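Read-outs: derived from the displayed coordinates by stated rules, not from any lab. In this text, all values refer to a predicted model and were calculated from it rather than measured experimentally. Cβ sites come from the backbone with ideal geometry, for glycine too, and all protein chains shown count toward neighbours.
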There are 4 protein chains.
Amino acid sequence: MTVNSLSTQVRLLISCHDKPGIVAAVSAFLQKNGANILQSDQYSTDPSGGMFFMRVEFDLYGSYQLEDLRHSFIEIASEFSMDWRMEPASRKKKMAIFVSKEDHCLLELLWKWKAGELKAEIPLVISNHKDLQNEVESYGIPFFYVPVTKESKAEAEQEAIKLLHKYEIDFIVLARYMQILSPTFVSTFPKRIINIHHSFLPAFIGANPYAKAFERGVKLIGATAHYVTDDLDEGPIIEQDVLRVNHRYTTDKLKIAGRQVERIALARAVTWHLNDQIIVYGNKTVIF
Amino acid sequence: MTVNSLSTQVRLLISCHDKPGIVAAVSAFLQKNGANILQSDQYSTDPSGGMFFMRVEFDLYGSYQLEDLRHSFIEIASEFSMDWRMEPASRKKKMAIFVSKEDHCLLELLWKWKAGELKAEIPLVISNHKDLQNEVESYGIPFFYVPVTKESKAEAEQEAIKLLHKYEIDFIVLARYMQILSPTFVSTFPKRIINIHHSFLPAFIGANPYAKAFERGVKLIGATAHYVTDDLDEGPIIEQDVLRVNHRYTTDKLKIAGRQVERIALARAVTWHLNDQIIVYGNKTVIF
Amino acid sequence: MTVNSLSTQVRLLISCHDKPGIVAAVSAFLQKNGANILQSDQYSTDPSGGMFFMRVEFDLYGSYQLEDLRHSFIEIASEFSMDWRMEPASRKKKMAIFVSKEDHCLLELLWKWKAGELKAEIPLVISNHKDLQNEVESYGIPFFYVPVTKESKAEAEQEAIKLLHKYEIDFIVLARYMQILSPTFVSTFPKRIINIHHSFLPAFIGANPYAKAFERGVKLIGATAHYVTDDLDEGPIIEQDVLRVNHRYTTDKLKIAGRQVERIALARAVTWHLNDQIIVYGNKTVIF
Amino acid sequence: MTVNSLSTQVRLLISCHDKPGIVAAVSAFLQKNGANILQSDQYSTDPSGGMFFMRVEFDLYGSYQLEDLRHSFIEIASEFSMDWRMEPASRKKKMAIFVSKEDHCLLELLWKWKAGELKAEIPLVISNHKDLQNEVESYGIPFFYVPVTKESKAEAEQEAIKLLHKYEIDFIVLARYMQILSPTFVSTFPKRIINIHHSFLPAFIGANPYAKAFERGVKLIGATAHYVTDDLDEGPIIEQDVLRVNHRYTTDKLKIAGRQVERIALARAVTWHLNDQIIVYGNKTVIF
């Protein structure tokens, strides 16, 4: 067995209709093509005719090349009508962060990134306010101010899209961006925009969730990280978490608790996305 | 200091509009009337003119009598327009349990009761099905079968109310009773009916919450224990809890997780009610 | 694809030294022998020469027989020097429960068993006290009283072993049994005895953990479910959980919290064991 | 009632042997001296002769002065042999942070401080390494490099003490400082040094806890915030928390989980200390 390093590791993700023989076909293919399986997970929604999902991590050794492997895999993929991708573990995804004025989610991501906990490149941060410019730039990351008004919204989105294309962004994290993205924008980055919802979905959808939570007298405060779709706050859920609160929590203290749980849930969701651990199907996620 | 025992302990609960001097007045009164304060908690929603809540546990020693104390307290109570009660800790509240066919919440309560964890009397269990009769009777508790149909509902509730009055019931626990109680019934036992909601309120109100949770792809399953009011599932929340789930959870496995978290949340709510730790105000609870 | 049911499902568990080609070999074998993989998980401690663990759930369809499959698998197993087993999902494991006087863990298991949450047979319960006889028998389960004194301990263990063999027990759950088993007993059921430790291992090993926890002023109470080895409380950990406590918890209230968390942790560990989700290696567990 | 603001709020903390009449005496005193009680909590370890703890928040209105109130309180305090203090809520405590090379705990505190979640002044950060100088100074906080070697340790501590006195520090947070403080240092700041222990005490005391946790195969990773005493890692516990882990966690991933839970537990402990919510007695804490 060859020495293993991130530079030769590949992640294969597969979704397709379930049929007998998929695992055998995939693992025989990998074995024949110089790949040593390091880890493999699969999930079937319903073995009698449901969906099949698989994630394989493998080492590609010797003189084998990922491009050749991808090319060879097309045959097997079309046999099973697979939706698939092979991602080299060594390639850091390019992540854009969108923020507004609140910094807690942004800083959580930047700290984890700097600490080496998030294997990503962050080519830019985009904001509709200048408040966080210094903080972003102190991490050596370019900050782009793209103001948004009702009238300029379409234009502003086009400007953002141009920037995202220019920097060859792989995915976007809305770290408390507070702007609703248009269907045009969302469809430009399908399943590639992660949002943190300031509440425990499906409860308290919409504005002022902490005031609503205070009114309702809840005993837990939650947050939900999800992919963005055209339905506001209704995209596939990636992660949820809660913190315990009590009657002594004012709306302000609920907000502080909310920030804490938002940071935790969003950072987990981003980590899983970066590690290619998530497959989206319909309005749900499989987290491997 | 005299020897302290449950038989001389009293719990005083107070709600009123906040004013300076309440704590001093109450503690001076208790001191003067032979009471030694063991524990005291208070909470003000807003010190400049909001609501004030207080719970005091005290020992009544020597020859002092609770009835006399209650009588003497009326003066101070009316001065501050208090809503108040004094409960001897030694008196076990009489708890009726309503069930349908599912036994998990019922058995959790019965085990904890038998283990001495719930200081209550359980004079009867009422059910609209006979399924759990043997289980209840094996604990030595009378079981009453009160069937409910659309036509007989009003009558059945009257029969239940008669039983509850006959057994001098203090409060009712709906341990997965699955029937909506009429406003008449609810108003007969105001703030004295505890329900366990098979979901994390305010999400997934109504029927089939686990099927809904499955469809939505949630990552946490919750349960909410609350007092029953006329608004279905909208009464004051007492306790909430969650369990982590993932994409491998079928609707059936979500139900099992739900049962687990329902048992835990309901048992905590009942414990706090029995210990006079809850004050209801508006649509919220203060848990001391 | 044939209709799938528990009666044709099989679980294959494998441990061996890691080598390239294992997954491919196993899945090709299954594919060739009429098995459709439903779910597959694997884990490598260290891809460059560590240990490899795999769990596969598959449907065996048509006229294929498990006995034949086991026979055919021997070749591949010896090629990779595998430690392995194939378990039909339909076969309920025979579980013996050992108890002493405390009933909380016992009743948790019995209720989950009766509710269909634990797919097991429970042919007998063994106890060194008669306290729980009625409770056990009310579930229709034979109860054996096997008293233990210092002098009779070896004899009592032999009596228990005889019973366990007679009832063809697969594994044993010590549901607060409070007796230390001899190395002889333990080696008769290697990796097949599950204990619940009344504390968060490795803290508070030994007697009176709640008094120790009270003295230390801890803010969390834990429990640990583990396999029993000759080292008291040092066997492979299966599951751990905690509950939050505070300064108001007396030793008695810590015990109540401890019971709660013991029930939860033990029931999870037993569920995973029943579903063949656990592989033990060295002093650790892999939970698939 | 006068308008209430932080500038007139005072927190009174009391420890003494339990006797009848303490609450009445204290609240009558406050009432007579122009104080309106906003919140009051008390706890008795054992009403028949144990310890009594109380925390009162009150508004001091009109022309009443805190210094006068303190002076007047001496009489009542000596009657009950109280250990007590009155702290104005408006006075921000002066907090020194000690760090070494790891930044996660430091940054958690700095973020929360900047976000207004920690009501403190941070006059300086002291470190035995220069690694975090820029980060600290970017928050506008003076950074002092005080190197420590075996030989220079006593000297270095004296230098630190001098700095702490010069800046009139109220308490010290060891945010992963990694140096054992001498009894001389500890006794200079009794009950005023908070440490975060990189493990779930009392488990895994000492060095390399994550390697030990990995060896032991634990399923939870914890952290403990505690006051520092001469017994290493044995001081009064303020807060503990855990995160769930599994067999896939390498020692490195356990460290990442550890950092996460350390940040959370330490920030909570510091918040409670700043709000005067903690009373230490013996080797324990009461958290109000």
(message) Run the label-point distances for residue D:166 please: 7 Å along Cα to Cβ, every other copy, nanometres, shortest first.
(response) 4.8, 8.3, 8.4
(request) Give the percent of DSSP beta bridges with both residues in the protein assembly as shown that are antiparallel, rounded to the nearest 5. (result) 70
(message) As a test of understanding, state the convex hull volume per residue of the protein assembly as shown from its alpha carbons, in Å³.
(response) 204
(request) Mind listing the long-range amide H neighbours of residue A:176? Cut-off is under 5 Å, sequence gap 5 or more, other chains count too, H placed in the peptide plane at 1.01 Å from N. (result) A:196
(request) With label points built 7 Å along Cα→Cβ from the Cα atoms of residue D:101 and residue B:151, find their separation and express it in nm. (result) 8.3
(request) On a 0 to 90° scale, report how tilted helix A:104-114 is relative to the longest principal axis of chain A, with both axes built from alpha carbons and the result rounded to the nearest 10. (result) 40
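Net charge near residue D:286, counting Lys/Arg +1 and Asp/Glu -1 over other residues with Cβ under 11 Å of its Cβ?
In short, +2.
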(message) Test of understanding: in a Gaussian network model of chain D with alpha carbons linked when under 10 Å, which of D:120, D:96, D:154 would top the mean-square fluctuation ranking?
(response) D:154
(request) Return the ratio Rg/(2.2 N^0.38 Å) for region A:6-88, where Rg is computed over Cα atoms only. (result) 1.05
(request) Choose one answer from C:38, C:106, C:12: the residue with the largest mean-square fluctuation in a GNM of chain C with alpha-carbon springs under 10 Å. (result) C:38
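Within 10 Å of each Cβ of A:213-221, how many other protein chain Cβ atoms are there on average?
Average per residue, whole number: 6.
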(request) Would you mind checking the pairs B:92/B:112; B:93/B:119; C:119/C:284; D:255/D:284; D:94/D:114; B:114/C:119 and listing those with alpha carbons more than 18 angstrom apart? (result) C:119/C:284; D:255/D:284; B:114/C:119
(message) If you take every residue apart from residue C:35 with its C-beta less than 13 Å away from the C-beta of residue C:35, what net charge results, scoring Lys and Arg +1 and Asp and Glu -1?
(response) 0
(message) Given a 10 angstrom Cα cut-off, can you work out which residue in B:194, B:264, B:76 is the most mobile in a GNM of chain B?
(response) B:76
(request) Express as a percent, rounded to the nearest 5, the fraction of DSSP beta bridges in region A:93-287 (both residues included) that run antiparallel. (result) 50
(request) Give me a single rounded figure for C:243-256: the average over its residues of other chain Cβ atoms within 10 Å of their Cβ. (result) 3
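Report, in deg cm²/dmol and to the nearest 500, the calculated mean residue ellipticity at 222 nm for chain D, where each DSSP H run with n ≥ 4 adds -39500 (n - 2.57) and the sum is divided by the residue count.
-10000 deg cm²/dmol
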(request) Would you grab the residues whose amide H sits under 5 Å from the one on residue D:281? Only those 5+ places off in sequence or on another chain, please, with H modelled 1.01 Å from N. (result) D:286
(message) Quick check: net charge around residue C:53, other residues with Cβ under 15 Å of its Cβ, Lys/Arg +1 and Asp/Glu -1?
(response) -1
(request) Can you tell me the equivalent ellipsoid semi-axes for region D:97-218? Use √(5λ) from the Cα gyration tensor, largest first, whole Å. (result) 24, 19, 14
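Got the relative contact order for chain D handy, in percent, Cα pairs under 8 Å and 6 or more residues apart?
Over chain D, the number comes to 15 percent.
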(message) Please report, for residue C:75, the nm distances (one decimal) from its label point, 7 Å out from Cα along the beta-carbon direction, to the equivalent points in the remaining copies, shortest first.
(response) 2.5, 10.0, 10.1
(request) Shortest first and in nm with one decimal, please list how far the residue D:215 label point sits from its counterparts in the other copies (point 7 Å along Cα→Cβ). (result) 2.6, 5.3, 5.7
(message) If amide hydrogens are placed 1.01 Å from N in the peptide plane, which non-local residues have theirs closer than 5 Å to the one on residue B:235?
(response) B:229
(message) With just the Cα atoms defining each centre, how far is region B:221-276 from region A:90-162? Give it in Å.
(response) 39
(request) Evaluate E = 1/(1 + (r/R0)^6) for residue C:215 and residue B:7, where r is the Cβ-Cβ distance and R0 equals 35 Å; express this FRET efficiency to the nearest 0.05. (result) 0.75
(request) Return P(r) of region C:34-161 (all Cα-Cα pairs; 5 Å bins starting at 0; whole %; ordered from short to long distances). (result) 2, 8, 13, 14, 11, 10, 11, 12, 11, 6, 1, 0
(request) Could you work out how far helix C:66-79 tilts from the main Cα principal axis of chain C, as a 0 to 90 degree angle to the nearest 10? (result) 80
(request) Round to the nearest 10 and give me the degree value, 0 to 90, for the angle of helix A:251-274's Cα axis relative to the longest principal axis of chain A. (result) 20
(message) Normalised by the empirical 2.2 N^0.38 Å for globular proteins, what value does the Cα Rg of region D:148-288 take?
(response) 1.11
(message) Looking at chain B, I'd like the Rg to Rh ratio, where Rg is from alpha-carbon atoms and Rh is Kirkwood's inverse mean 1/r.
(response) 1.01
(request) Mind giving me the FRET efficiency for residue A:251 and residue A:129? R0 is 30 Å, r the Cβ-Cβ distance, nearest 0.05 is fine. (result) 0.85
